[in-house]
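Report on the structure given below.
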Amino acid sequence: MTPEPMKILFLAAEAAPLVKVGGLGDVAGSLPPALRQLPPEVTGGRPLDVRVVIPFHGEVQQRLPAPEWVTNLLVERASGAVQARVFKVNAGGQVYYLISGPPIDQPLPVYSPDDRVNGEKYIFFSLAALELARQLTWQPDILHAHDWHTAIAVYRLCQNRLVDPFFQNTRSLLTIHNLPYLGGDATEILAEYGIPPTQNRSLPAWARSFPLPLGLLAADKISAVSPSYAREILTPEFGCGLQDFLATRQQDIHGILNGIDTAAWDPATDPGIPRPYSIDTLDLRRANKTALQEELGLPVSDDPLLVFIGRMDNQKGVDLAIEGLRKALELPWQAVFLGTGSALLESAARSMESEHPDRFRAVIRFDAALSRRLYAGGDMLLMPSRYEPCGLAQMIAMRYGCVPVARATGGLIDSIRDSRPGSPGTGFLFSDTSGGGLEAALNRAFQAYQNADAWQAIQKNGMEQDFSWTRSAIEYAKIYHQMSEDAS
Ligand code: GLC
C-alpha cells in the first residue's frame, strides 16, 4: 500500500515564476518543487503533497487573464462576509492556488507603503487560504507560512483547532525571512474578523496585535532562513524588541539556509551570458568581463571589477558600499551598482558615477538579464548588508566565480568562508559597519587578486559549494515529519 502523502499548505505573499519582488518569491518558487522531489527515505516514507497559495495580485491578474476557476468561499467579517474567488494554475509542474477578493483585487503593488492597505489585503488572504483547505476537504498535516503576511493564518489555526475537528491535527511552521517587517498594528482589522489581540504576557504589550508576533506566538515551530540569523534574532541588535519573547521559544526555532535554483543559475549553460564557462574552463570567464566593460563604457582593463546587485535600501548597505569605495580610491577598482530602491541611495549611486565616470556605473533599474552578465563578468560582489537573514546574491555569485566581499552577518556568515593568506576560503568577510570595514576587506581581497593562482583557488572553492535546494528541503522535511509525529 502506498503511504498517505503528507499534505503541506504553503502560504506566501509571492512565489516565482508568478510573482517575484524579492528573495521570498524565490524561496516560495523553488522550495515546494524541491520538497516534492525528495526521495521517500528522507520523508519518513510519505511523499510530500505541497500546495502553494498566493494572493491573486493585480499585476498577476493582468498577466494571467484566464486561470482555471476552482471555487468561491466566504470569509466571515463583522460588517458582512467577504467573498473570495479561488483560481489555480500549474507552472512547471507545481500547482499554485490564487486567491482574489475585494481587498486583493485593487490595482495595488504587491507591497503597499500603507500598513493599513497591506493589513487588509494579507489578513483577508491568510483567512481565505485556511478556508480554502476546508472547502477542498484537503486536511493539511502542516501549515507552512512565511513572514508577517501569512502569520495570521497560523494564529487563527491555533485558535480554531481547539474547537474545529478539521484542523485538529494540523501543525504549523512559520518561517522568518525578514523580522523587522512585523505587519503593523492590526487591532482594528483583526477585530473586524472577530480575532482578539492576545493577552499572552510573554509578548511585549505593543506586539500583541501585530501579525508577525501573533504568528510567532502561535506557531508550533519557527524557522529562520539561516542558522546565524536564527541566533541573531535572540539579541537586542537584531531582535526588533522581540528578543526576550523569542528566547522563550528558543527550543522551537530552527535555522535553515536557503538554496538557489542551481539549474537556472549555471555559468556553463546560462544562455544570457556572452561566454559560458565552468570550473574547468575558468579562463574563458575573462571574455565576460571584457564584454561587460565594453557594454557599460568602462575602460577595458585588468582592474578588479566590483558589482553590487540588489535592492537599494538600508538593509543592503548601499551607503556603506559607496563610503567604502570612497575610502579605497587608491585601489584600482571599477564598480557597477545595479538595482532600485530608496531615492536617497539611488542618487548617492548616481553622484558616485558623475564623480568617477571612468570607474563607476550606477544602473538604476530592475534588470535580471544584466544581473547575469554582472555575476559572470564581475570579479567581486559587494554585499555589505547591515543584516541579512539569508541572502541570495552571494550564493549565485560564488556559483559564477564572482567572489563575495560581504559583512559577517546572518546567512552571509553561513554561506561564505573567509579567506586568509595561504588559506583560501570562498570570499572575504568583515564585521565593522563603517565604510572602513569594507575598505579593509577590499584591501585583503585585492592582495589575493594579485596572485592568479590564489584567486582561482578562492573562485573554485566557491563554485564547488552545494547550494542546491535539496539540502534545505531535507531539513524542512525533517521538521514537518517531527511535527506530524507529535500530532498523531
Ligand atoms: C528576505 C531577506 C533575505 C532572504 C530572503 C529569502 O528578502 O532579506 O536575506 O534571502 O528573504 O529568504
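The values are calculated or read from the model by the stated rules, or taken from the named source; none is laboratory data. Given the structure is predicted, the values throughout are model-derived calculations rather than measurements. Methodologically, a virtual Cβ is constructed for each residue, glycine included, from the backbone with ideal geometry; neighbour enumeration extends over all protein chains shown. For accessibility, only protein heavy atoms count, side chains too; no ligands or nucleic acids. Shrake-Rupley method; radii C 1.70, N 1.55, O 1.52, S 1.80 Å.
Numbers below:
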read-out: Computed lengthening from Glu330 to Asn72, 0.36 nm per intervening residue step minus Cα-Cα distance; value: 86.5 nm
read-out: Rounded percent of accessible protein surface that carbon and sulfur make up, the range 34-73, 1.4 Å probe; value: 51
read-out: Estimated distance in nm for a label pair at Asp105 and Gln135, the labels positioned 7 Å out from Cα along Cα-to-Cβ; value: 1.4
read-out: Gyration tensor (Cα) of the range 29-187, equivalent ellipsoid semi-axes in angstrom; value: 24, 20, 17
read-out: Accessible area expressed per residue, the chain, with surrounding protein chains retained (probe 1.4 Å, Å²); value: 39
read-out: Radius 12 Å from Cβ of Ala321, net charge of other residues (Lys, Arg +1; Asp, Glu -1); value: +2
read-out: Of all DSSP beta bridges in the chain, antiparallel share, percent nearest 5; value: 25
read-out: Amide H within-cut-off set for Gly427, under 5 Å, with H built and near neighbours excluded; value: Arg417, Ser419
read-out: In sequence order, calculated HN-Hα J values of the range 34-43 (Karplus, 6.51, -1.76, 1.60; Hz; x Gly/Pro); value: 5, 5, 5, 8, 5, x, x, 5, 9, 10
read-out: For Ala224, distant residues with modelled amide H under 5 Å away; value: Ile176, His254, Gly255, Ile256
read-out: Residue-by-residue Karplus 3J(HN,Hα) for the range 302-307, coefficients 6.51, -1.76, 1.60, Hz, glycine and proline x; value: 7, 3, x, 9, 9, 10
read-out: Filtered GluC sites (Glu not before Pro), the range 56-94: DSSP coil and at most 16 other beta carbons within 10 Å; value: Glu76
read-out: Cα-only Debye scattering, the range 366-443: base-10 log of I(q)/I(0) at q = 0.12, 0.15 Å⁻¹; value: -0.31, -0.48
read-out: Within the accessible area of the range 286-422 (1.4 Å probe), percent carbon and sulfur; value: 54
read-out: Stokes-Einstein translational diffusion, the range 165-299 - Kirkwood Rh over all Cα pairs, 0.890 mPa s, 25 °C, in µm²/s; value: 131
read-out: Longest to shortest principal axis, alpha-carbon extents of the chain, angstrom; value: 68, 51, 46
read-out: Cut-off under 5 Å, modelled amide H: who pairs with His146 long-range; value: Leu11, Thr175
read-out: Structure-based [θ]222 nm, the chain - -39500 (n - 2.57) summed over DSSP H runs of at least 4, per residue, nearest 500; value: -11000 deg cm²/dmol
read-out: Exposed chymotrypsin sites (Phe, Trp or Tyr not before Pro) absent: longest stretch of the chain, with sites in DSSP loops and at most 14 other Cβ within 10 Å deemed exposed; value: 139-365
read-out: Trypsin sites (Lys or Arg not before Pro) lying in DSSP loop within the range 52-95, provided at most 15 other Cβ fall within 10 Å; value: Arg77
read-out: Cβ-based net charge around Gln135, under 13 Å, with every Lys or Arg adding one and every Asp or Glu removing one; value: +3
read-out: Filtered GluC sites (Glu not before Pro), the range 308-353: DSSP coil and at most 13 other beta carbons within 10 Å; value: Glu330
read-out: Protein accessible area in the range 131-184, 1.4 Å probe - carbon and sulfur %; value: 49
read-out: Sequence of Asp115, Asp280, Asp303 when ordered by accessible area, the most exposed leading, probe 1.4 angstrom; value: Asp280, Asp115, Asp303
read-out: Stokes-Einstein D in µm²/s, Kirkwood radius over Cα pairs - the range 279-463 at 37 °C with 0.692 mPa s viscosity; value: 206
read-out: In sequence order, calculated HN-Hα J values of the range 99-104 (Karplus, 6.51, -1.76, 1.60; Hz; x Gly/Pro); value: 9, 10, x, x, x, 9
read-out: Efficiency of FRET from Cβ geometry, Thr269 and Gln315, R₀ 30 Å, rounded to 0.05; value: 0.40
read-out: Solvent accessible area, Å² - Arg444, 1.4 Å probe, full protein context; value: 60
